[in-house]
Structure formats: structure tokens, C-alpha cells
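The values are calculated or read from the model by the stated rules, or taken from the named source; none is laboratory data. Quick caveat, the model's predicted, so the values are computed rather than measured. FYI the Cβ positions are ideal-geometry reconstructions off the backbone, even for glycines, and counts take in every protein chain you see. These accessible areas exclude ligands, DNA and RNA; they are computed on the full protein's heavy atoms, side chains included. Shrake-Rupley method; radii C 1.70, N 1.55, O 1.52, S 1.80 Å.
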Amino acid sequence: DDADGSSDTGGGAGDGAGDTTITVLAAASLTETFTTLAEQFEADHEGVEVELAFDSSATLAGQAVEGAPADVLATADSRTMDTAADVLAADPQVFATNTLVMAVPAGNPADLSGFEDVADGDATYVVCVDTAPCGAIWAAIAAEEGVTSQPASLEVDVKAVLAKVTGDEADAGFVYETDAVAAGDQVETFEVPGAEDQVTDYPIAPLDQAGDPELAQEFVDLVLSEAGQQVLADAGFGQP
Amino acid sequence: MADHLVTGSEEALSGPGRATGPGLHARVRVPGRLDAEVTAAGGSVVAVIGPNGAGKSTLLGALAGTTAMAGEVEVGGRSWTAPPLAVRHRRVGLVFQDQSLFPHLSALENVAFGLRARGRARTPARARAQEWLDRLGVGELAARRPRQLSGGQAQRVAIARALATEPELLLLDEPFSGLDVGVATALRIELARHLADFAGVALLVTHHALDALTLADEVLVLDGGRVAQTGTPRDVAAHPLTDHVARLVGLNVVVDADTNRSFPPSAVTVSLRAPEGSARNRWRASVLSVVPHGDAVRLLARTDGAQELIADVTPEAAVELGLDPGREVWLTVKETSVRTYPRTASMRP
Amino acid sequence: MADHLVTGSEEALSGPGRATGPGLHARVRVPGRLDAEVTAAGGSVVAVIGPNGAGKSTLLGALAGTTAMAGEVEVGGRSWTAPPLAVRHRRVGLVFQDQSLFPHLSALENVAFGLRARGRARTPARARAQEWLDRLGVGELAARRPRQLSGGQAQRVAIARALATEPELLLLDEPFSGLDVGVATALRIELARHLADFAGVALLVTHHALDALTLADEVLVLDGGRVAQTGTPRDVAAHPLTDHVARLVGLNVVVDADTNRSFPPSAVTVSLRAPEGSARNRWRASVLSVVPHGDAVRLLARTDGAQELIADVTPEAAVELGLDPGREVWLTVKETSVRTYPRTASMRP
Amino acid sequence: MTPPPDAGATTRSGSHLGRPPLVLVVPGAMAAALLVVPLVTLVLDTPWGDFLDQLGSAPVLAALRITALTSAVTVLACLVLGTPLAWLLARVDFAGRSVLRAAVAVPLVLPPVVAGVALVTALGRNGVVGSLLRETTGLTVPFTTTAVVIAHTFVAMPFYVLSVEGALRTAGERYDVVAATLGATRWHAFRRVTLPLAMPGVVAGAVLAWARSLGEFGATITFAGNFPGTTQTMPSLIYTQLQADPAVARTLSMILLLVSVGVLAGLRNRWLTTS
Amino acid sequence: MTPPPDAGATTRSGSHLGRPPLVLVVPGAMAAALLVVPLVTLVLDTPWGDFLDQLGSAPVLAALRITALTSAVTVLACLVLGTPLAWLLARVDFAGRSVLRAAVAVPLVLPPVVAGVALVTALGRNGVVGSLLRETTGLTVPFTTTAVVIAHTFVAMPFYVLSVEGALRTAGERYDVVAATLGATRWHAFRRVTLPLAMPGVVAGAVLAWARSLGEFGATITFAGNFPGTTQTMPSLIYTQLQADPAVARTLSMILLLVSVGVLAGLRNRWLTTS
Ligand SMILES: Nc1ncnc2c1ncn2[C@@H]1O[C@H](COP(=O)(O)OP(=O)(O)OP(=O)(O)O)[C@@H](O)[C@H]1O
Ligand SMILES: Nc1ncnc2c1ncn2[C@@H]1O[C@H](COP(=O)(O)OP(=O)(O)OP(=O)(O)O)[C@@H](O)[C@H]1O
Ligand code: MOO
Ligand SMILES: [Mg+2]
Ligand SMILES: [Mg+2]
């Protein structure tokens, strides 16, 4: 593969002390955990720098296919990972799962008592659009549970849902467990019935165009390692 | 530049309590360009003459309110400066030196504009505008845009536009320039008729003696931003105080110490050899141009002292003397034809 | 409108093989506005006169290439129309009727523009521009923008701009309008001097008889978009074929069947009672205006037949007869003073 | 302006001035290529097979309706509110004018999502203005079609105002003065003189604003949300489809593109030739 | 233009024309409020505490550098390429002019992400032009700083071109004709007459393009990616941070906003007063 030329450009960005740079494309919901893991990786590998690019899974997968100078791809669902199958150096491995919870603004200003108040009440609530992974899960649960009310908005990603909740623009919203954890005391959560049957998988894989395939694999290994799993668990991710 | 700066005493003069009749009284100062006082009775026409850059257009702009000035303007007994009156509330009819027709409106719409702006309904405004265009001989061009008009046609539309609003103060900046002689004559008469019934004051900027003399009751001579002379047209024509006026009325004026000496071109005798006579009335000159002038032939010559003089001779004499450009001649004038009066120093730098 | 439409036979006339000397030959058709032929020898000055809307500016625009035309233009033996020559390659010096100075450039930069555009370096171009401004008496205004100039000052800058590029064809559209008499006179002389050395052809649009007569070798009279008369200035002045020219040269012209009858104002006698004489030379008229004219007094009167006539009388006679506007008078003219020549039907609608 | 010796009386605009120089044609053509080539390749790359199916589908029709409605109202808001603002900036000398002028340009600089956040801080139900509104009238702005229009107007208006201000300055104040001497109020002069003379700039500004409104989704989604039939515009729909099926998203883009090019080509040439 | 009786010779622009009418001031003020209020509330809502920390952090400095660089180059590209294009559209009557004019406006209508997709189809390494480039020179465009500039230019140029075209039309062709009679080539006339007279529109267009470039991230991320130090601009960084920590994102927005307002206020008033 002759993408090495362009990977130089990407590598050149690491204007720190490192001789080598690996670039990791990661779903936006992995921002905090992968930042921590990258630091850990750098500490373990003298002279190696980890560049992180976060975006929606679909965008990242598309970039990987276009030959983006990157070494590792981690997405928030298997379907998007499949769209990048052509450029994966190894089979993707699931390293984490996530479940949907119902979040309400701190203090629960709408006085909701649980999922039922939303499912057939007149609360203003938001969910992900069904083309996003989180939205697909919501759609499945909503069908299962016979939800009759309409959401106020179909947000493009889970962070947008969270923002509507923390900003108290919506009375409730359906987000991942990890997002609720990250939001801390800005939100309160309620369980969603049937959520445990609708977990989302987070796969990871090294890329064909990796400048240093060994390092790429080592990063994947770190994520799958016990230490890596601990970081993810702390952030609220489930174990695969 | 202070905008409409009015001192205490000036205020007293133009205060609301003091009506001074339907005329115009103005003291106008535009730094570096004009410092002049104008007074005119209601119904009178003032010709404003003076060389290029004398401040004529500046005066008109100041009165209309489009040029910032200090001083005061009082029209029809009402002050336009204390408190300052917005341009649009000054009932002026202004013919701009460059016409300034609205490029996006037809001739008719241009003339109707002022009427519409002052609240006239569309149909009567257009009918009135059409009347004015007809009166100025451009009625059939009503639908044209300014850029589809010739210079003189546009000038006529501009005049129609200024007159149509029936202003209190009529400001005409060279309204006849660019008009053909026939139209100019007709327009002079039309304007004279219009002005005869006109209760307000009209200021007419012109470079033509004829306009000043036929249309005006008063002449205001500007030079270098100051008033050089005022008077009736005949007065000013007979005793021009500036070279400019002398040339305008077709007199020769030579300066002799503190006096002006003026004489008509017909009083000048042209000969080929040095004639007798006092040196004061005798010049060696070279002919610059020779043109028919009525029944006579008019000669323009430049003296050795670089003074330009005009002389009228009979066509026969012109042929006899071989008066072609470049010819060296002697010019003499009888002392009896010379009018002598005090000279006012030109105020132009 | 066809752009530079050239028919086969016209092509033969103006084809590259056929040099006709350094003059101007043009046949210009602008539909609805102009259909005229102009021929002028190199070095000659052609005065273009005619009433407003006659097509004078259109002719100049067509020659400069700024107005689309059909026909051909040949200057200095070279065709400008077959193949069409771009405006910028036509070496014209054009004084626009409305000056058209670049508003964003100073007077100096305006004049230097043509020199710079034709490749002169900055410093010499500016020096040359300054010379021209000095020559036209506006040297000290070099740094001013057009809107900071008076009308006459701008006019002079426009003339300087047109002359500075040393054109092959000089097109002057009322260059003296708006100029004060002194400047206009000086400029006429300056221009006459310039034109004397000028190998190309100059076209001068004017509404002033004086310009036509002093500056021109040829007069081209336009009327209603057609050539009404051509000839030397004296010829045209002596036998005006259109009312317009008659008025321009200060003659009275009355129409009698197929003939023009012209007579000078001095040949008109004014009386209060009906005089003897043939009816043909006698009119009842009412005085429109009375103005000094040289030593005489010039009277403008309108006859019962709505004809305007001018008469020159002595100042004494004017006082004696009480010649004020509105006065009813009789005008007579001796048959011996009347010149009769064939009338050309006015081509204006 | 006085009648010229026929500057502009020629049959074909500019042809008598000689051929356009290479030094302008070459970069101009490069610019055109830069803009046109990606569009052409996008068109070539579009799966046209399901174009008609998509065009007829309910969510697409709903999104087209919302888009047409909100972009039209946005242009109207720009014309009604933005034109006076441009005029104030170009013609009236008031304290703080240069600050306001800079402030007007700021929404241009904000990433659309941040613009949405700004609108939430102001008009959200807990926003400074929004909470007041909610307390007094019980109304909330977000998640309504009105919110879409507000978001579009916030994002598009600066384009309109800057463009019109530029045109007003180019046209100059000269004819305003002439109108005043003829007794026109500023309002009369504005309607009958200032605006007609600046019309090419107004048209350009309206096109900019309309186009910006058509393409906007960042601020819209953040402030107004994304619900079919009320707040989901074509760009929002396209964006969400990009996550799921890029091919469908591309077809949808083509629909948006063709509709807007049709309107642009139709309206704009009409406007430009009459003005 | 001939010297007027001093339209514009007054001391304060417009003051002699009377007070601006309420019918213009009220909607103008409403427009200003709509644009300014959200900005003020955004400023109030910003956690200013860590402003300086953020400003000094390496990713922010890198993103600011990339943003400054790419937006400056974008404006340059607009000036150099877009001005001739605007001139061609305004002044030259060529076949397909109205089609080109519509095509130029299309990138305005595309949602930025779709614009990015279009660029990929053209210049991506499998794109029509991109694959050719790759075969002949071995170079690929995406994921480089050049790609950022191309994306920004693609998105910003239409704003520039439309604005300048509007100004050129407003200014009219009159003085071009005068210049031609004085022997000026079209290029000389363009530089010395056409462009100076349309300068307010050029300035407005440059501000539009610059601002659009500053705020753009949709097309950038899609076509050029989002890599710190090469392709991550401030808006991309803000977008990324919005996913992680909205408070930080807001602080970053403030940084972008303040920097750009500073530049705008500084440059723009200078340009406008001299032109
Ligand atoms: N905007 C301006 N700024 C500075 N000076 C100006 C401005 N406008 C005119 N002037 C100068 O003021 C003087 C008076 O100009 P004004 O236009 O009143 O002259 P004018 O008497 O109308 O001359 P003309 O017969 O040439 O029209 C001139 O010297 C002119 O150069
Ligand atoms: N762009 C145009 N479209 C149509 N008609 C025009 C256009 N420009 C001028 N005309 C008409 O053509 C005729 C000739 O105009 P031109 O400007 O040549 O007259 P002119 O002889 O220069 O008159 P003036 O002495 O008034 O300047 C006029 O009747 C005028 O109305
Ligand atoms: O983590 Mo996502 O792909 O932004 O839902
Ligand atoms: Mg003047
Ligand atoms: Mg003319």
C-alpha cells in the first residue's frame, strides 16, 4: 500500500519529541477514555506519540476508506466498522459495550418519575435520530415497549441529546450510560426497560495504511488489555 | 467645519419673532470656499456671476442645505438655519450644474419625483410632470431614461424637475448651458414669464451676460469666494469692477494705477502703422482671431503687455488691412470713449 | 442594431489597400438617432452644430467606438471598422459632454491616466499631466478629487485629459460649456494654437457661433440625425439653411414659400405705429425682452404669427419708444437688406 | 448622472471594449473550475437509480416543504430587517457604528453549531430572553418551525447585510441628496432612489442569504432540533442519512441541489436583466 | 461624474438629510438585536475562568495557527481567482454565463458535509481529478493543509464572487468605457478603474469569505480530516470538544470570536474609511 507518502504528512504533525506517531480515529463517545489510554500508551512507548481524531463513527469510517493517514479505527457500532472492511488490517474486535439510559436535568425540573412518564406522557424529550447508533437502539426499545408519545427532536448524535438535557431544553433524553457518567451531577438517570437487550458494540481494528503496523496492533492490544478495560469501565462502558 | 453655527447676535437677527418679508437674506461661510452675504427682495431674480471656482455653486449648495455652512439663511421671513432646517423641508428648486437626474427613473418619473415626494398622488403628479416636460419641449421623451437623452434634453428635464415643485427659492446653476440657441432663447422667455409671477427669490448662476442682463433684477458678482460687486444689471455692466465682468459684457478693461478704464470694442481703431496719440491709449498687438460679429468683424488681439483686447471693424477694413491671425497691428482708442472708475483689488489669490 | 455592419461595396471603399490620406472619412448609421457622412482633411477642425438631440454626441460616440454603429470609419487612411478596432486602439481624445472624470482619482491622476494606459512611466506621465493642468490654469488643483472641483475646473481637467494623450482624432463635446468667459477665451486661443499644429482631425461640438467661426475650417450642421448643411464657417453663417444656424449666427430668418429670407437685426426698424411698406416685410409684434448689446440695445419680439425676431436699436430710440417687455410695436425691414436663398426642408419630425 | 455619449448604448455589453484579457480569463476560469468540477463529479457519482423514489418519499417531501418555507421566510426577514440595518450602517453616523458593524459580522465567524449554542443561551427555554418569554407567555421557541427560521436568519442575515452595505457604499450618497432637495423624506428617498440604485447588491445579498439558509443545518439542529414535519430541513435529513447510507444522502443532496439551481437560474437572471 | 454642488461635502455624512426615519430605524434595530443578543448571552454564559489556560494550550495554539493560515490563504485565493470570475460574470457576455452564474451559487446551497463529499469525489485519491493527480505525480490532496484551503475556498468563494459581482454591477460600466477611450487595456482599466470603484464590495466580499472560512468545519472534516497540527482548525477543534466538554468548547468559541472580531474591527474600519 502506497499511502505511506501521505502518512508522512500526518506524522509530521507530531512536532513533539517523538520520532514515531500513530494516529487513532475514534468515535466521539470515546473522547475521554481514549485520551487517557493514549497518554498511557505514550508512557509505555518511549518516543511514540499518539494523535487522536474524534468524530462520528460514519465520518471516521469514510475517512479511513479514503486513505486517511491513520493507524487504528475505533467506532461506536459494528455496522460503520463494516463499511471500512476493505481497509482493515485485521478483523475488528469488540472492546466495549454501552447501554441506553434516560437522563433528566439535575433536579429533575419536570418531576418525571421514570420511563413511563415519557413513553406516554406529554414531557418534552429528545432521542437520537435512527440513523445514528443510539437512535437505532431507541427505535428498537420504543417499538418493544409500545411508546406512544413523540420526541421533540431526533438529534444527530448522543452528545446533542445530552446537551439538550444538561441545558434543560428538554425534560428528558436518551443517552448512553457513559455519557451520563461523563455528565456527572448535571444529570440524573432512570433505567430504560429492555435496554439490557439492546447494547451497542464498540469494535476496534488496525488499518491497512498504518505506518507502523506493529505499533497499531499494540494500541489495539492496550485497549483490550485489563488496564484498558479498567479505564473504559470507569467511564461507564460495559465489558464485551 | 461647524454645521450651521449661529452666534447670539445672528440669532437675534433671524429669530422667529422677526419677519423680514418674503425675500432672501443670507450670510454664508464655507471655510476656504465662500464668505458672502446675499439679500434679495421677494419676487426678484439675482444673477450670480463670477469666474470658475468663485463659489457660485457653493452658494447654491449652502442655501439648499446640501453644503455644510456657517452663518444664517432666512427665506420668506423664516430662518432655515436657527434651528437648522433639513434639506427636504427647504422648499428649493435646484437645477444642479450636472443635472443629476435619477438614472433609474424615466424623464417623467424624474419630474414627478418632487411632487410625489411632497405627497401628490400618482396620477396628478404624472399629469403635472408631463405638462412641464411639454412646456420645455421634451414631452415626447417622457418615457426615456436619462442615459437615452442628449445633453440638452437632459438639461431641460432637469429644469422641469426643479420648477415642477413650485419652490420658494429657485436655484439655477447654469440652466442654459448645453442648450441649443433656439431652446435657450425660448427657455429664457419661458423662465422670464415664470419668474414674473414668482413670489419667491430666484438665483441664477450664469456665464452669459445675456442671461444676467435679461432675466435678473440684481447681479451678484462673486470672485475668490467673496462678493466683488452687487447692483442692477445695467449698473454692473456699465461699471464692471472685475475683469471677469468686463469680459462678460464685452467691454475692454485696462487697469491704470487705481482706476479701471473701460471702452467698447467699437471705439478701438486698428491700423498697421504706429499712430499718434498718448501712449496710454495706444498698443502694439498681434491678432489672435478674426470673426464676424453682427455686421462688423470682431478682432481679438494680444498686446505686447499680454493684455487681450477686442476691436470691432468693418468687413471692408478687415480685408483692406489683411487682418489675419498673427498680423501685427496698432490699436488706439479715443480718450473720449474711455470710462474711468475706481478699481477694486481682485480678491482672488 | 448590427455592430459595425459593413456591406461589400463599403468594404471596397475602406479596404486596407486604399489609403485616403491622413483625414477622416466616415459614414455612420445609428438607427433612430443618426445617419450621416463626414469627411475632413487631415489637420482640419470641423465644428459640429445643431439643436439638442440632433445627433452630435452620437456622432462622436460612434467615431470613438463607444456607441454601436453601422457604416464605416476611416482615420488617417486606416479603417477603424473593417475589421472593427477596439475602443482603446482608436487614438481618440474625447471630452465627454459630462466630463466623466474618474471620481476616485485626483485631477492629476485623471490626466495622467491616458499616458499611463499607453505605457508611459509614472514620473514622466505625471510631469506631463501637471504641464497640461498648468496650461489649462488648474495646475494648483492637481491633487483634488473631481467632487472637490467646481464645474468649470472639472471641465478644464477633462480637456487636459483628452489632449494629453496626443490623439489622432480629437472629439470635443461642448468643451467650453460652463467655462467662465475669460477662461473660455483663453482656451479658445490655446486650442486654436494646439489645433494649428495638429495633424489629425478635430471635431468640435458647440452651441456657440463664435466657436464655430473662430476655430473651425468646416462646419457640419446636423438636424434630426441628418446632415443639414456643410461648408466653411462663413458660408454657413451667410446662408443658414436651418433655423438653428440662423439663430446661432444672430440673423433673423423668415420662411417664404420655398425660400429663406434672412436679415441682420440692425436692418430692422422699430416703430409704434403701422408703417408703410410691403406686408411681407412688416410685422406686428410684442416685445419680449430688451437688453444692451454692444453699443446698441437688442430687442426680442414675437410677431402675431408667433415668429421671434430680433432688432437692434439705439439706446436713445429704446427710451423714446418706451420699449419695455409687453409693448406692442411694428417691425419693418428694407427689402434691400434681405438675403434670399432656397430653403431646405427641416428634416426634424 | 448626466447623459453620456453613450457609454452603454452598445448592443452587446462590453464587446466594443475589446476581448477580456487572459490575465483575467485564466484565473476566472480556474475559479470556475474549482467550483464546478466537484459539482460535476458529485453529479456523476450520484446513484440516480433511486432518484425518483427518494423524491417521492414522505420524509423528503416534508423536508423539502420545511426547507422551502423556512428559507423563503428567512429571505423575507433579511429583506425586511436586514435592509434597514445595512442602510443604517452605510448611511447613518451613530455612536458605536463600527462596533455594531463588527458585531454583525460575528455570526459569520461562529461555527454553525456554536451559533446554535448562542441562540440557545438567548432564546432557549432557560435562555436570557427565552425564560422571560416562557414566564410571560408560556411559549417556548426551540423545537418549532419558528426556531428554524430564527436560526437561519441569525446565520444568513450577516451575509445579506454585508453585501447590501457594500452595494449602498458603492452606489454612494449623491442621489440621496438630490432626492432631499426635491423634498423627499429619507424613507421616500430610500424606497424610490437608494434601494433601486443598490438593487444588484440587494439581489446578490438575497441570493447569498437564501443559499446560506438552504444549506444550514448546524445551528438549526442545535437550536431548533430535527423532527420530520416541523424542524427537519433537507440538510438535516441529508446529514442524518450520511451516517446511515451515504448513497441515499447523495441522492438527497442532488434533489436539494437541482431544486435550488432551478430556482436560482430562474429568478436570478430575471432579476438581473430587469435591474 | 461631474462635480456636484457638494453632495457629500458636508461635515457629517447624512446629518443634513434629516433624522433617519423610524420605519428604518426600528427594523434595523430589531435586526441588530437578533444578531447581537445571542452573542452577548453566549459571552455571559462562557466559563471565563479557564480562558487563559485554554488559550495557552498546545492544541488550541496549533488550531489557531492552522485557522489563521488557511483563512488567510483562502481570502487570497478568493481575491486572486474570485475577482476575475466576478468580473467575467458582471462584464463579459459569453455563452453559458447564466449557467455558470447559477453554478457558482451552488456550493452555497450544499450542506457543508455534502460539499466535502463533492470534493472527495473530485479530488479524493479515487476521485476523478484526484486519481489522475495521484497517477501522474504521486500526490494526494486529502488530509493535508492544502486540502483545508481547498475546502475553505470551495465553500467561501461563492460568497466572495456574488458580493463582488453585485458591486461591479452597481458601479456600472460607464467608467470602463471612459478608460477605453483613453487607451486603457481591459486589464489596465480593471486595475485602475473598475476595481477601485467596486472596492466597498470587494471588502465586503473578502470579509464574507474570510468569516466563512473561519467558521467552516463540515466540508473541512469530511474532505481534509481533523488532525491536530495539519488539518484541525478552530471550528473542528470546537466541534470535537463539543462532544467531550461543551464548556471547553464554548471557551474555545470565545477565543475564535474575540480574535476574529479584533481583526474585523481593526481591518474593516481602516479599509472602509480609506475607500
Ligand atoms: N468638496 C469640495 N472640497 C473642497 N473644495 C471644493 C469642494 N467643492 C468645490 N471646492 C472648491 O471651492 C471653490 C468654489 O467652488 P464652486 O463649485 O462653488 O465654484 P463655481 O463658482 O460654481 O465655479 P464654476 O463656474 O466652475 O462652476 C472652488 O475653488 C472649488 O475648487
Ligand atoms: N442611449 C440612447 N438610446 C436611445 N436614444 C438615444 C440614446 N442616447 C441618445 N438618444 C437620442 O438620440 C438623439 C441624438 O442624441 P445626441 O446625444 O447625439 O444629441 P446631441 O446632438 O448631442 O444633443 P445635445 O446638444 O442636447 O447634446 C436624441 O434624440 C436622443 O434622445
Ligand atoms: O459515538 Mo456516535 O457515532 O457520535 O453515536
Ligand atoms: Mg459651479
Ligand atoms: Mg450632446
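Brief remarks follow.
- Single condition C:R145 does not satisfy, out of (1) open to solvent by 40 Å² or more (accessible area, probe 1.4 Å); (2) in contact with a His (Cβ under 8 Å, 6 or more places away or on another chain); (3) within 20 Å of E:T181 (Cβ to Cβ): (3)
- Considering C:G182, C:G178, C:G152, the condition of being on the phi > 0 side of the Ramachandran plot and either among the aromatic types (F, W, Y) or free of Cβ contacts under 8 Å to residues at least 40 places away in the same chain (or both) is satisfied by C:G178 alone.
- Helices (runs of 4 or more DSSP H) within segment B:113-219 that include 2 or more residues more than 21 Å from C:L179 (Cβ to Cβ) and out of contact with any Gly (no Cβ under 7 Å at 6 or more places or on another chain): B:122-135, B:151-164, B:181-196
- Taking (1) in contact with a strand residue (DSSP E or B) (Cβ under 9 Å, 6 or more places away or on another chain); (2) in contact (Cβ under 8 Å) with a residue 40 or more places away in the chain in turn, A:A61 satisfies each apart from (2).
- For C:S289, the conditions (1) open to solvent by less than 30 Å² (accessible area, probe 1.4 Å); (2) more than 10 Å from every other protein chain (Cβ to nearest Cβ) all hold with the exception of (2).
To keep it simple, each residue is scored yes or no on (1) in contact (Cβ under 8 Å) with a residue 40 or more places away in the chain; (2) more than 10 Å from ligand 1 (Cβ to nearest atom).
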residue	(1), (2)
C:P124	no, yes
C:R128	no, yes
C:D134	no, yes
C:R145	yes, no
C:A158	yes, yes
C:L163	yes, yes
C:L170	yes, yes
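- Considering B:R27, B:R90, B:R33, the condition of being within 16 Å of ligand 1 (Cβ to nearest atom), in contact (Cβ under 8 Å) with a residue 24 or more places away in the chain and charged (D, E, K, R) is satisfied by B:R33 alone.
- Selection of segment B:118-131 for residues being at pLDDT 90 or above, surrounded by fewer than 24 Cβ atoms within 10 Å (Cβ to Cβ) and not charged (D, E, K, R) yields B:A121, B:T123, B:P124, B:A125, B:A127, B:Q130.
- Subset of segment A:111-151 (residues that are within 24 Å of D:G116 (Cα to Cα) and open to solvent by 20 Å² or more (accessible area, probe 1.4 Å)): A:T124, A:D130, A:P133, A:Q150
- Count of residues meeting criterion [hydrophobic (A, V, I, L, M, F, W, C), more than 14 Å from chain D (Cβ to nearest Cβ) and open to solvent by 50 Å² or more (accessible area, probe 1.4 Å)] in segment E:49-68: 4
- Looking only at segment B:35-53, residues that are within 13 Å of ligand 4 (Cβ to nearest atom) and either within 8 Å of another protein chain (Cβ to nearest Cβ) or more than 16 Å from the chain's Cα centre (by Cα) (or both) come to 4 in all.
- Scan segment D:143-159 for residues that are more than 7 Å from chain E (Cβ to nearest Cβ) and touching a Ser or Thr at 6+ places or on another chain (Cβ under 8 Å) and the total you get is 10.
- Some residue of segment C:311-331 being under 26 Å from the mean Cα position of the chain (by Cα) and touching a residue at least 24 places away in the same chain (Cβ under 8 Å): yes
- Of all residues in segment C:164-178, none satisfies being away from ligand 2 (no atom under 14 Å from the Cβ) and touching a Pro at 6+ places or on another chain (Cβ under 8 Å).
- Selection of segment C:112-151 for residues being farther than 25 Å from B:G224 by Cα and of a type in the set (V, I, T) yields only C:T123.
- Residue within segment A:210-231 that is surrounded by 22 or more Cβ atoms within 10 Å (Cβ to Cβ), at pLDDT 90 or above and in a loop (DSSP other than H, G, I, E, B) present: yes
- A:P193 falls short on exactly one of the conditions (1) open to solvent by 10 Å² or more (accessible area, probe 1.4 Å); (2) in a strand (DSSP E or B), and that condition is (2).
- Any hit, segment C:175-189, residues being within 12 Å of chain B (Cβ to nearest Cβ) and charged (D, E, K, R): yes
- Residue that is within 16 Å of ligand 4 (Cβ to nearest atom) and open to solvent by 30 Å² or more (accessible area, probe 1.4 Å), where the choices are B:H239, B:H208: B:H208
- Members of segment D:235-259 found to be under 19 Å from A:S153 (Cβ atoms) and either away from chain A (no Cβ under 14 Å) or polar (S, T, N, Q) (or both), listed by number: D:S236, D:T240, D:Q241, D:Q243
- Residue among D:A209, D:A167, D:A224 that alone is over 21 Å from E:L22 (Cα atoms), open to solvent by less than 20 Å² (accessible area, probe 1.4 Å) and within 14 Å of chain A (Cβ to nearest Cβ): D:A224
- Members of segment B:251-272 that are in contact with a strand residue (DSSP E or B) (Cβ under 8 Å, 6 or more places away or on another chain), surrounded by fewer than 19 Cβ atoms within 10 Å (Cβ to Cβ) and in a loop (DSSP other than H, G, I, E, B): B:D258, B:L272
- Screening B:T66 with (1) within 20 Å of E:G18 (Cα to Cα); (2) modelled with pLDDT of 90 or more; (3) among the β-branched types (V, I, T) gives one miss only, at (2).
- Remark: B:D197 falls outside the filter, which requires a residue to be of a type outside the set (G, A, S) and within 16 Å of ligand 4 (Cβ to nearest atom).
- Residue count, segment C:174-223 (criterion: within 16 Å of ligand 1 (Cβ to nearest atom) and within 16 Å of the chain's Cα centre (by Cα)): 9
- Count of residues meeting criterion [near ligand 2 (Cβ under 10 Å from one of its atoms) and within 11 Å of chain C (Cβ to nearest Cβ)] in segment B:137-163: 15
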